[in-house]
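Visitor: Would you mind keeping the following structure in view while I ask a few things?
Each value in this text was obtained by applying a stated rule to the coordinates, not by laboratory testing. Everything numeric in this text was worked out from a predicted model, so none of it was measured. Ideal geometry is used to build each Cβ from the backbone, glycine not excepted, and the neighbour counts take in all protein chains shown.
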């Protein structure tokens, strides 16, 4: 059963673990030691947290619970002209089980009810790009590292 609760300061360790789990494999190909990868990801996580605090001050941050246990994170900013998915992440053991699809469809239903586009950005090489395109998202622009994607009801 999937449920949600607000992020609390006690979730910081879980959120760092989640962040590392979603980025570490990408860095192992560089030949770095596990300690160096961990240190780099901690710096990246802190930088991302500061960016989100500055750029997404009205975001709702939730822990995704699977049978009452933390399984992921969902951060959404509901704006006047859009619903912005700031972050969606699941622990490796909870990926490829339909949870991500369920979370995206939940957001699509909200966007549909409000007649607003659902927008997000995703790292170019993330396997979620395929999932998002299958769920009707289109690429609206790109940078060297990310695709900006949108779903319109």
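Visitor: For 116, 17, 69, what's the fewest-to-most ordering of other Cβ within 10 Å of each Cβ?
Guide: Sorted ascending by nearby Cβ count, the order is 69, 17, 116.
Visitor: Stretched out fully, how many nm does the piece from residue 101 to residue 134 gain, at 0.36 nm a residue minus the Cα gap? Please report the intermediate quantities before stating the final value.
Guide: On the way: separation 33, 0.36 × 33 = 11.88 nm, distance 0.98 nm.
The residue 101-residue 134 span can extend by a further 10.9 nm.
Visitor: Go ahead and set up a Gaussian network model of the chain, Cα springs under 10 Å, then flag whichever of 64, 138, 86 fluctuates most.
Guide: Taking springs between Cα atoms under 10 Å, the residue moving most is 138.
Visitor: How big is the antiparallel share of DSSP beta bridges in the chain, given as a percent to the nearest 5?
Guide: Expressed as a percentage, antiparallel bridges in the chain total about 90.
Visitor: How many angstrom lie between the Cα centre of segment 110-146 and the Cα centre of segment 60-96?
Guide: So the two Cα centres are separated by 15 Å.
Visitor: To the nearest 10 degrees, how steep is helix 99-114 against the longest Cα principal axis of the chain, on a 0 to 90 scale?
Guide: So the helix axis and the longest Cα principal axis differ by about 30 degrees.
Visitor: Shifting gears a bit: Quick one, can you get me the convex hull of the C-alpha atoms of segment 1-76 expressed as volume per residue in Å³?
Guide: With only Cα atoms used, segment 1-76 gives 103 Å³ per residue.
Visitor: Something else about it: Just to be sure I understand: if I project the alpha-carbon convex hull of segment 47-97 onto a plane and average over all orientations, what area do I get in nm²?
Guide: Average of the hull's projected areas for segment 47-97 equals 4.5 nm².
Visitor: Take 10, 39, 77, 110 and order them by how many other Cβ atoms sit within 10 Å, fewest up front.
Guide: The fewest-first ordering by Cβ neighbours comes to 10, 39, 110, 77.
Visitor: Plugging the Kirkwood radius over Cα pairs into Stokes-Einstein for segment 2-151, at a temperature of 10 °C and a viscosity of 1.306 mPa s, what D comes out in µm²/s?
Guide: 98
Visitor: How long are the semi-axes of the ellipsoid equivalent to segment 93-153, from square roots of 5 times the Cα gyration tensor eigenvalues, in whole Å, largest first?
Guide: Whole-Å semi-axes of the equivalent ellipsoid: 19, 17, 8.
Visitor: Where is the GNM fluctuation largest for the chain (alpha-carbon springs, 10 angstrom cutoff): 68, 31, 100?
Guide: Answer for the Gaussian network model of the chain: 31.
Visitor: Still on this structure: Mean-square fluctuation check for the chain, GNM, Cα pairs under 10 Å: which of 52, 73, 96 is largest?
Guide: 96
Visitor: Related question: What length, rounded to one decimal in nm, is gained on full extension from residue 10 through to residue 146, with 0.36 nm per residue of separation minus their alpha-carbon distance? Walk me through the numbers on the way to the answer.
Guide: Working: separation 136, 0.36 × 136 = 48.96 nm, distance 3.02 nm.
Taking residue 10 through residue 146 to full extension adds about 45.9 nm, to one decimal.
Visitor: Using only DSSP helix segments of four residues or longer, with each worth -39500 (n - 2.57), what per-residue ellipticity at 222 nm results for the chain after dividing by its residue count and rounding to 500?
Guide: Calculated at 222 nm, the ellipticity per residue is -13500 deg cm²/dmol.
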